[in-house]
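Asks: Questions regarding the structure given below will be posed in turn.
Rule-based calculations on the coordinates, nothing more; no lab input. As the structure is a prediction and not an experimental result, all values here were calculated from the model. Note: ideal-geometry Cβ built from the backbone for every residue, glycine included; neighbour counts use all protein chains shown.
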Amino acid sequence: MTTSVTTRITTKGSETGTEKSTVKGRRGAARAQRPEPVPPGLLKMGAVLALGPILALLDTTIVNVGIESVARDLHSSMAAVQWVATGYLLAISLTMPLSGWAAGRFGARRAWLGSVVLFVLGSALCGLAWSTGSLIAFRVLQGVGGAMIQPLGQTLMVQAAGRSRIARVMGTMLLPISLAPVLGPILGGLVLEYLDWRWMFLLNVPVGLLTLLLAARWLPAESRSELPKPRLDVTGVVLLSPGLTALVYGLSTIGEGGAVGPVAVAVGAVLLLAYGRHALRAGRDGARAPLIDLRLFVRRGFAVATANSFLQGAALYSSMFLVPLYYQQVERAGAVEAGLLLAPQALGTAVTSLLAGRIADRFAPRRLILLGIGCSLLGTLAFTQLGTGSGPADWLLVGSLALRGAGMGIVLIPGMAAVYGIVEKSQVAAAAGAVNVLNRLGGALGTAVLTLVLQQAQAGHPGQPGAAFGATFWWVLALSALAIAPALLYPSAARNAD
């Protein structure tokens, strides 16, 4: 009897100990699954690195507002002054592929600082321009600096954050960047109303100098790498940079008619194909690496993430072109008012990118990205009904823009985390260059397609501008829906290890 009682007591104590051990194990696992805290120094670093892209984005949108004032003051034609914007865009296309090489050759921190210096110098010279030709030349210099700010900044941030904190840090960085397209037209309108157009460029100078001062204080010094410095892929520069430039220029002008646009697209395509052949044959040692290593795309995760970035660029940049154009041409809104009307979309992106950054490191990207695409599709539906009967109410369009922006914010962060989470630390700079080039190329292609579609729709709906825009937004819906295909191929499990 005593033995039986003792056995029961022992068994009960063993079970209690096992339960306690299990509970402790669960608590330990829960603590292990909690994301590592983001150090304040890393947040400061992210804030500094966000200032560079904000400068470039603000400058682009501000200048688009002031083109007419520039033409009037410099006694130039609109056709000539358009090169103020086009030259900047082409300079970015020409220079951005060099970002990976620059990071390896000079260090990402030093190359980023040099890019900001070039951008600030170009801005100051633009403000002092004495003719259309000088303004275009200085805008090209500004574009050379602005081209590498974003990919180099992402390289620095990813290398400092590690895989387990990529999404949260990127979400914090994108919060102010997403507001730049809204603030640009507003600031541009205020500058043109109260100041001279030259201040559209001169405003960059104090902000840029502040950025450099904060960067000198908050960006940590890079350790010297013992790896050999990569040589410049001269053949790649000759093929890739002009190829991208010709393709972007051709896509941006193909809607104007004539043979220049199609010829430029054809030339760009041939040069890019030649680059692809060269890159695949390039040596495998780091000293002779191609500008953009196409072998990165052999990895399924990287190929899927960059394909999604390309399609998201097509949907995002094309809608940023189409929505304000609708408000200006149909609703007769000014540039400042059109910028304010875009605020719901920017706010939606800002809020959800921050929230997505907090959870994307702990969850598989597939569900989040599909959720974001679904929100973007729902947010586009109301615009497809423009010009039909009474058309959608204003409040519905505002809500739809907020929903569309929210969807974009949900997609951006886990997509970026997937891109950088799949590559090694030494390949981050090359990955940043590739994903940013493809994102911009997607934007140029999407905008070109929608420009042609809108022209055809306007010809098919004479005297019904709203109906023409409604028909075009069906194409925006289709561009957004295309992103579902690569999204389905994203990993179904999160990867948090550094």
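Asks: Can you compute the charge dipole magnitude of region 351-498 about its Cα centre, using +1 on each Lys and Arg Cβ and -1 on each Asp and Glu Cβ, nothing else charged? Give it in debye, rounded to the nearest 20.
Replies: 260 debye
Asks: Let me ask something else. Relative contact order (percent) for region 39-151, with alpha-carbon contacts under 8 angstrom and 6 or more residues of separation?
Replies: Here the relative contact order equals 34 percent.
Asks: Could you line up Leu454, Leu438 from fewest to most neighbouring Cβ atoms inside 10 Å?
Replies: Leu438, Leu454
Asks: Going by C-beta contacts inside 10 Å, put Asp73, Asp233, Asp394 in order with the fewest on the left.
Replies: Listing Asp73, Asp233, Asp394 from fewest to most nearby Cβ atoms yields Asp394, Asp73, Asp233.
Asks: For Ala289, list long-range residues whose amide hydrogen, built 1.01 Å from N in the peptide plane, is under 5 Å from its own amide hydrogen.
Replies: Those lying under 5 Å, H to H, from Ala289 are Arg231.
Asks: With unit charges on the beta carbon (Lys/Arg positive, Asp/Glu negative), name the residue among Ile62, Gly208, Ile149 whose Cα is farthest towards the positive pole of the charge dipole of region 39-220.
Replies: Ile149
Asks: Quick one: 3J(HN,Hα) in Hz for region 414-428, Karplus 6.51/-1.76/1.60 with θ = phi - 60°, rounded, Gly and Pro as x.
Replies: x, x, 5, 4, 5, 4, 7, x, 8, 9, 6, 4, 6, 9, 4
Asks: Ok, one more. Taking H as built 1.01 Å from N, whose amide H comes closer than 5 Å to the amide H of Leu386, not counting residues under 5 places away?
Replies: Gly470
Asks: With a sphere of radius 12 Å drawn around the Cβ of Gly127, what net charge do the other residues whose Cβ falls strictly inside it have (Lys, Arg +1; Asp, Glu -1)?
Replies: 0
Asks: Shifting gears a bit: List the residues, sorted by chain then number, that are 5 or more residues from Ala333 or on another chain and whose placed amide H is less than 5 Å from its amide H.
Replies: Here the answer is Gln328, since their amide H atoms fall under 5 Å of that of Ala333.
Asks: If you don't mind, there's one more thing I want to ask. Taking θ as phi - 60°, what are the ³J(HN,Hα) couplings along region 41-51 by the Karplus curve (6.51, -1.76, 1.60), each to the nearest whole Hz, with x for Gly and Pro?
Replies: Karplus values, whole Hz, x for Gly and Pro: x, 6, 5, 4, 4, x, 5, 5, 5, 6, 5.
Asks: Below 8 Å, C-alpha to C-alpha, sequence gap of six or more: please give me the relative contact order for region 234-281 in percent.
Replies: 44 percent
Asks: Provide the per-residue ³J(HN,Hα) series for region 240-252, in order, calculated from phi with Karplus coefficients 6.51, -1.76, 1.60 and θ = phi - 60°, each as a whole number of Hz, with x at glycine and proline positions.
Replies: Per residue, the Karplus-derived 3J(HN,Hα) values read 6, 4, x, x, 5, 4, 5, 5, 5, 5, x, 5, 6 Hz.
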